[in-house]
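Colleague: Take a look at this one; I'll ask things after.
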Amino acid sequence: MNKTVLITNNRDLCASVRCGRFVDGSSLDVLVAVRNSIHLGSILLTHPLCGNLRPYHQPFRSILLEERPGALVDLESLSMIEKAVGVYEACRERMIVPSALDEGRRADYAFIDSELMKESLERYGQLRREAALHPASLLLHGEPSGRR
């Protein structure tokens with residue numbers, strides 16, 4: 001049975017979807033997990049290099065897959081993920097990792113990742129009804145952060 005799955009290192013987003021797999025690591029670790037899933041028959045539903053941010057500016061990465069257990073390897077998906085892994089490996093030393101971020105920056109980057117995925121998650125029916133994707137760090141004690 002085929003299943004749509006979000007592979008992500010964005011804990012907030014993973015908690016907001018119907019079927020998510022959390023990767024405790026970097027954006028590159030997410031790409032490697034996706035590549036492993038593609039070798040098992042999954043296909044990409046979203047591009048692994050979406051957004052207009054450089055890979056080393058994206059501590060969070062989320063990718064939608066359709067899991068097809070036992071299916072042949074989809075060569076187009078495999079080619080796309082291999083190219084993405086190459087791009088990320090080329091800038092590995094400059095990468096921002098989630099564990100190195102303070103809570104405010106972590107929340108901001110997580111929100112950006114969520115916004116990049118929002119339309120695709122809605123299209124594939126993956127967002128839970130009660131899930132609200134909002135920038136947690138924009139509010140500080142009930143007021144916008146710029147007004148103290």
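Colleague: Rounded to the nearest 0.05, what FRET efficiency do ASN36 and GLU115 give with R0 = 25 Å and r taken as the Cβ-Cβ distance? Could you check?
Modeller: With R0 = 25 Å, the Cβ-Cβ based efficiency is 0.40.
Colleague: Would you mind ranking SER42, SER114, SER79 so that the residue whose beta carbon has the fewest other beta carbons within 10 Å leads the list?
Modeller: So the residues, fewest neighbours to most, are SER79, SER114, SER42.
Colleague: Ordered by residue, what ³J(HN,Hα) values in Hz, to whole numbers, does the range 50-57 give under the Karplus form 6.51 cos²θ - 1.76 cosθ + 1.60, where θ = phi - 60° and Gly and Pro are x?
Modeller: Rounded to whole hertz, the list is 6, x, 10, 10, 5, x, 6, 9.
Colleague: Calculate the spin-label point distance for ARG128 paired with ASP108, positioning each point 7 Å from the Cα along the beta-carbon direction, and give it in nanometres.
Modeller: 2.8
Colleague: For the range 1-139, what class follows from the C-alpha gyration tensor (a ≥ b ≥ c being the square roots of its eigenvalues): rounded when a/c is under 1.5, otherwise prolate if a/b is larger than b/c, else oblate? Don't skip to the end; give the middle numbers.
Modeller: On the way: a/c = 2.13, a/b = 1.21, b/c = 1.75.
Since a/c reaches 1.5 but b/c is at least a/b, the shape of the range 1-139 is classed as oblate.
Colleague: Another question about this same structure. If you place +1 on the Cβ of every Lys and Arg, -1 on the Cβ of every Asp and Glu, and leave all else neutral, what size is the dipole of the chain about its Cα centre, to the nearest 20 Debye?
Modeller: Around 140 debye, computed over the chain.
Colleague: I'd like the Karplus ³J(HN,Hα) series for the range 19-32: coefficients 6.51, -1.76, 1.60, θ = phi - 60°, whole numbers in Hz, and an x wherever there's a Gly or Pro.
Modeller: Going residue by residue, I get 9, x, 10, 7, 10, 7, x, 7, 4, 4, 4, 5, 4, 5 Hz, with x marking Gly and Pro.
Bear in mind that the values in this text are calculations on the coordinates, not laboratory data. Owing to the predicted nature of the structure, the values given are computational and were not obtained by experimental measurement. Neighbour counts are summed over all protein chains in view; Cβ atoms, including those assigned to glycine, are modelled from backbone coordinates with ideal geometry.
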